[in-house]
Amino acid sequence: MKTRKLGPLNVTPLGLGCMGMSFAYGPADDAESLRVLHRYIELGGNFLDTAEAYGPYRNEELLGRFLKETDRSKLVIATKYGFCFGPTGINGTDGSPANARAVCDASLQRLGIDVIDLFYLHRVDPAVPIEDSVGAMAELVQAGKVRAIGLSETSANTLRRVARIHPIAALQSEYSLWTRDVEENDVLAACRELGIGFVPYSPLGRGFLTGAIQKVSDLEAGDFRLTNYPRFGEENLQSNLKLAEAVKALAQKKGCTPAQLALAWVLAQGDDIVPIPGTKRVKYLEDNMGALGVSLTPEDEEQIRGEISAIPITGDRYHPANMKLINA
């Protein structure tokens, strides 16, 4: 499989987001999640994305179990720091240098590895100068604990500021057929200007673009989409179904599944883009990986963008407190 570049890292065009195996999207089965991870490697993938916040900690521990069963040297492991936690989970940001060092060491231990390939700042901490956060991450590279560093959901101006401190391998932000903010706010252009790879998370709109979610009751108890993401509120969801229906119709014309069409569109936006669709089930993983066999012509892309752009999106990506951390 051809690879794409994220700074010094060579990764397969489709990564695997591991969050849902331990966090956010309802109950998960560790045994099935491990099967997903093994199947992803069998299908040629090499780029795994996790974070201390996913659980918290449980997802890194799950990957640690998996890494004992496979050849770690062939994999690129990404994780993140930048939140602090209380009894009920995430309760604020902590981008301090001390936290960067502590989380790096703890993540290495949970993952059972000697070096983190890509270490992200999960969100910019408004109480800590971004130069301090990135400076501490750069020190971790110098110490041999991290190979490359990245940011998540930062603004174009922030990217330009920190690129003067240390090379940034990747920016991870939401990007899909229903979230194209990075095209409009100069973020994607800034990445290209600075030579920073772009890693879209939720390229399937948290599963919405697959067409599998038609009503709120389709989500399991405990699923974060019920409470944390306004677009999945009943009224917004029903309005947004027009988009899912359009993706389904476009996929039928192309002879692929809606998930494959949505991922093929993101992949086609540039060789510097590496989406990380997440799943906790083998059948969905195999469907997603099939996107690598879908080729979109310029005419296809123009039709898809034209039809999707004509459909208004209802609801914010996050609730107000979390929206304040976006494009920071």
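Only the coordinates and a few stated rules stand behind these numbers; no lab work does. Since we're looking at a predicted model, the values are computed, not measured. When we count neighbours, we look across all protein chains shown, and the Cβ atoms used for this are built from the backbone with ideal geometry, even at glycine.
For the reader, a short list of remarks on this structure follows.
- For trypsin sites (Lys or Arg not before Pro), the sites in region 273-328 that DSSP calls loop and that have at most 12 other Cβ atoms within 10 Å are 324.
- DSSP bridge orientation in region 74-208 - percent antiparallel, rounded to nearest 5: 25 percent
- Charged neighbours of residue 152, selected by a Cβ distance under 10 Å, balance to 0 (K, R count +1; D, E count -1).
- Sites residue 283 and residue 131, calculated FRET efficiency, Cβ-Cβ separation with R0 30 Å, nearest 0.05: 0.10
- Estimated inter-spin distance, residue 105 and residue 305, nm [label 7 Å along Cα→Cβ]: 4.8 nm
- Over the chain: helical MRE at 222 nm, DSSP H runs n ≥ 4 each giving -39500 (n - 2.57), nearest 500: -11500 deg cm²/dmol
- Stretch in the chain that is longest and holds no GluC sites (Glu not before Pro) that DSSP places in a loop and that have at most 16 other beta carbons within 10 Å: 70-219
- Counting only DSSP beta bridges whose two residues both lie in region 1-128, roughly 45 percent are antiparallel.
- Antiparallel content of DSSP bridges confined to the chain, in %, to 5: 25 percent
- Lysine-lysine proximity count for the chain, Cα under 18 Å, sequence distance 8 or more or distinct chains: 7
- Efficiency of FRET between residue 164 and residue 142 - r from beta-carbon atoms, R0 25 angstrom, step 0.05: 0.90
- For region 149-292: rounded, prolate or oblate by the Cα gyration tensor [a/c cutoff 1.5]: prolate
- Inter-part distance where region 219-240 and region 251-328 are each reduced to a Cα centre, Å: 19 Å
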